[in-house]
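A quick write-up on the structure given underneath.
The values are calculated or read from the model by the stated rules, or taken from the named source; none is laboratory data. Here the structure is a predicted model, which is why all the values come from computation and not from measurement. Cβ sites come from the backbone with ideal geometry, for glycine too, and all protein chains shown count toward neighbours. Ligands, DNA and RNA are stripped out before the accessible areas are found, and what is left, the full protein with its side chains, is counted by its heavy atoms. Shrake-Rupley method; radii C 1.70, N 1.55, O 1.52, S 1.80 Å.
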Amino acid sequence: MRHSLLKKLASLVEEKGGCGAVVSSEANVFYFTGFRGPGHLVYDRDSGSYTLLVPALEYLRAKHALEEEGLLGRIELAAFAPYGLPGGLELDSQGDYKLVYGRLGDIIVSMLPKGCRLLVDTDSLALYKRLASTYNVEEAGDVIADMRAVKEPWEIERMEEAAAIAEAALNAALYSIDAGVSEADIAAMIEYEMRRRGASDHSFPPIVAFGENTVYPHAEPSPRRVMGYEPQPVLIDLGAVYKGYCSDMTRTAMEGAREEFRRVAEAVHEATYTAIDAIEPGVTSHEVYEAARRVLASHGLDKYFIHSLGHGVGIEIHEKPRVSYKSETKLREGMVVTVEPGVYIPGKFGVRIEEMVLVTQRGARLLTRYPSVLW
């Protein structure tokens, strides 16, 4: 699976006329290797070799990740210890590990020809400066983000499973809402239900809001037991991580909804699926945003739509592309984006519906499938 991603990295280096690449940001190291943690992927164009440098204490975990991905051998694994280790310690019972000593920047410089163009993606200013003192450094984070924006089929499968896990957790949570329960209770239940169904983590801490708290797009679950017997809106935004890939979905529910809430909820529902219908390869993010905004404007609600329409999803919960009124990014087949128009009426309530959508040759395909009308 990830063999094709390594080839993309090699092609990128060749296209840029570089001698190699150093990838250090955690999400991008995971993208190319399957290892999630502190690590540095070094590619040498001359030899065609890939080396994953990890701290000594992460050696066995990184080895297991490379084995799981079928990359051990294609990627050489090396542990580094900046200040040395006591004599006699062993990192691997098989005794075939590679251990290098020294500062990370010096180790990387020793692995690559000097004075050439080097593509670098790192969150470490110190490492960037060290490499820039020896190479003609070109920042590669943005172009790798573009690469990640178009998903491989196996990535989409993982995201669909993450969505299914989150939907099952949402279902359990909604059935547990009753008088006396708190937002924090439901948030904790969501975390538990996702974990027990196979999620390794949440994509982000679940947003659970009751009543007037639904007017906050990023409401923090409160321990106050605010549910009474009067009908109240409930907004839940959640996502699971499955094999390193995220899902994202929001639903707003209200049993026994009054006319005002129903009118707003139906307008948001119309805006959501009108925008989804507008999605196809070549359409700009701005055009999709406008499709939703026009619907809300026709209902006199666009003044309460206070955020962008959506964002890319993948290894991270927020990736390229941004789906907003300013974005002129053209959607491409294989991109996964959210569509999440929201209306937040101060002093009353908020309504948001969010779907996770795959851009296909024929248009949009929903990766989230939980019922959207819950009022």
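Loop-located GluC sites (Glu not before Pro) in segment 280-375 (DSSP state other than H, G, I, E, B) with a sparse environment of at most 15 neighbouring Cβ atoms within 10 Å: Glu328, Glu333.
Entry comment: accessible area of the chain is 44 Å² per residue, from protein heavy atoms only and a probe of 1.4 Å. Cα centroids of segment 358-374 and segment 89-158: 36 Å apart.
Its relative contact order, with pairs defined as Cα atoms under 8 Å and 6+ residues apart, puts the chain at 13 percent.
Considering only Met189, Met111, Met147, the mean-square fluctuation computed in a Gaussian network model of the chain, springs between alpha carbons under 10 angstrom, is largest for Met111.
Explain nothing, just the number: dipole magnitude of segment 1-134 about its Cα centre with +1 on each Lys and Arg Cβ and -1 on each Asp and Glu Cβ, in debye rounded to the nearest 20.
Around 400 debye, computed over segment 1-134.
Stretching the chain fully between Lys330 and Ala126 yields a gain of 69.9 nm (0.36 nm per residue, less the alpha carbon separation). Each Cα pair under 8 Å and six or more residues apart adds its sequence gap; the mean of these over the residue count of segment 200-283 is a relative contact order of 28 percent. Each Lys and Arg adds +1 at its Cβ and each Asp and Glu adds -1 at its Cβ; summed about the Cα centre, segment 20-82 shows a dipole of about 60 debye. Sparse packing (at most 13 other Cβ atoms within 10 Å of the Cβ) combined with a DSSP loop state is found for the following trypsin sites (Lys or Arg not before Pro) in segment 208-269: Arg224, Arg258. Here the sum of -39500 (n - 2.57) over DSSP H runs of 4 or more residues, divided by the residues of the chain, equals -11000 deg cm²/dmol at 222 nm, to the nearest 500.
Placing unit charges on the Cβ atoms of the charged side chains and taking the dipole of segment 188-262 about its Cα centre, the candidate lying farthest along the positive direction among Ala188, Val208, Ala257 is Ala188. Whole angstrom only: what separates the Cα centroid of segment 171-249 from the Cα centroid of segment 1-17? Value for the Cα centre distance between the two parts: 40 Å. Compared with the direct C-alpha span, the chain from Leu366 to His307 gains 19.1 nm at full extension, assuming 0.36 nm per residue. Arg322 contributes about 150 Å² of solvent-accessible surface, heavy atoms of the protein only, 1.4 Å probe. In a simple Cβ point-charge model (Lys, Arg +1; Asp, Glu -1; nothing else charged), the chain has a dipole of about 480 debye relative to its Cα centre.
A 1.4 Å probe, protein heavy atoms only, puts the accessible area of Lys330 near 130 Å². When DSSP beta bridges are restricted to pairs lying wholly in the chain, around 70% turn out antiparallel. Helix 3-16 and the long axis of the chain differ in direction by around 70°, with both axes built from C-alpha atoms. Scan segment 249-327 for chymotrypsin sites (Phe, Trp or Tyr not before Pro) in coil per DSSP, keeping those whose Cβ has at most 16 other Cβ atoms within 10 Å, and list them by number. Here the chymotrypsin sites (Phe, Trp or Tyr not before Pro) that fit, given the DSSP loop and packing criteria, are Tyr325. By the gyration tensor of its Cα atoms, with a ≥ b ≥ c the square roots of the eigenvalues, what is the shape of segment 106-164: rounded for a/c under 1.5, prolate for a/b over b/c, or oblate? Prolate.
By the rule of a second cysteine Cβ within less than 4.7 angstrom, the chain holds isolated cysteines at Cys246. Within the accessible surface of segment 257-375, defined with a 1.4 Å probe on protein heavy atoms only, the carbon and sulfur portion equals 48 percent.
In segment 215-371, Cα pairs under 8 Å separated by at least six residues give a relative contact order of 27 percent. Calculated from the structure at hand, Cα extents along the principal axes in Å is found among (i) 56, 45, 45; (ii) 74, 51, 41; (iii) 71, 45, 33 as (iii). Among Ala168, Ala219, Ala179, which one shows the highest mean-square fluctuation when the chain is modelled as a Gaussian network with alpha-carbon springs under 10 Å? Largest GNM mean-square fluctuation: Ala179. To check you understand DSSP bridge types, tell me what percent of the beta bridges within segment 4-137 (both residues inside) are antiparallel, rounded to 5. Antiparallel: roughly 35 percent of the beta bridges in segment 4-137.
Of Phe32, Phe204, the order by accessible heavy-atom surface (1.4 Å probe, DNA, RNA and ligands excluded), from most exposed downward, is Phe204, Phe32.
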